[in-house]
Every structure is written in structure tokens, then in C-alpha cells.
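What follows is one structure encoded as C-alpha cells, with my remarks underneath.
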Amino acid sequence: MTKSELVKRLKDKFETLYLKDADTVVDTVLGSISSALSQGRRVELRGFGSFSIRERDPRNARNPKTGEIVSLGKRRSVYFRAGKELRERVNNDN
């Protein structure tokens, strides 16, 4: 699902909501999540899952195109852990 599909679904579910307002809502929610993560804070959405930041140690990697060894410095990455309700829903909707 893309952001524009999410905006359209929100608009379809709430018929009195203008498309521009639905877009603002989605932008605000995603922006708030991004902002919290960039500050190193954890974001928990009950029934869906939680986003957190993990520190990655420096390591050597290989460029798959050239085979050259490259050094990757210490970095942070986003980690998502699905909530129980989401895991159950995904596993039961086969």
C-alpha cells in the first residue's frame, strides 16, 4: 500500500473528510513517527507494533558489483517489531 492509497482509503471511510485534510492527517502521523525516531525515541502503536532505533557497530562489507571490501561506520537503523494482534492477523489470513 502506498501513501496515496492510504489517503484515499481514509477519505473513503470518512466521506465528510476532504482529500486535502486526509493527506494532512497521514503526513502528520508519519511525520510524528519520523520525528520521534530521529530523536532516538521509541514509537508504540498498540495492536500494530513498535518502532525503535538500533545501533549498528562498524563492520567491513563487500560491494556486490565490484567485490571491493568497504568499511561501514557505526550507524543507526529503524527496527520494527509487529504486535501480537498484527502477527495473529497476518498468520490467520492465509
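Bridge orientation summary for segment 49-94: considering DSSP beta bridges with both residues in this region, about 100 percent are antiparallel.
Seen from Leu72, the other residues with C-beta closer than 11 Å to its C-beta sum to a net charge of +4, counting Lys and Arg as +1 and Asp and Glu as -1. Going by alpha carbons, how many degrees (0 to 90, nearest 10) lie between the helix axis of 19-38 and the longest principal axis of the chain? It is inclined by approximately 30 degrees.
Counted by neighbouring Cβ atoms within 10 Å, the residues Asp27, Asp57 run from fewest to most as Asp57, Asp27. Report the far tail of the P(r) of the chain, meaning the percent of Cα-Cα pairs longer than 21 Å. Counting pairs separated by more than 21 Å, the tail of P(r) holds 58 percent. Its Kirkwood hydrodynamic radius, worked out from the mean inverse distance over all distinct Cα pairs, puts segment 1-41 at 10.8 Å.
With the dipole of segment 49-94 worked out from charges on the C-beta (+1 for Lys and Arg, -1 for Asp and Glu) around the Cα centre, which of Tyr79, Asn92, Ile69 lies farthest toward the positive end? The residue sitting most towards the positive pole is Ile69.
Taken about its Cα centre, the chain carries a charge dipole of roughly 480 debye when the Cβ of each Lys and Arg holds +1 and the Cβ of each Asp and Glu holds -1.
Throughout, read-outs are computed from the coordinates displayed, never taken from laboratory work. Computed from a prediction, not measured in an experiment: that's the story for all the values here. With ideal geometry, Cβ positions are generated from the backbone for all residues, glycine too; neighbour counts draw on all protein chains shown.
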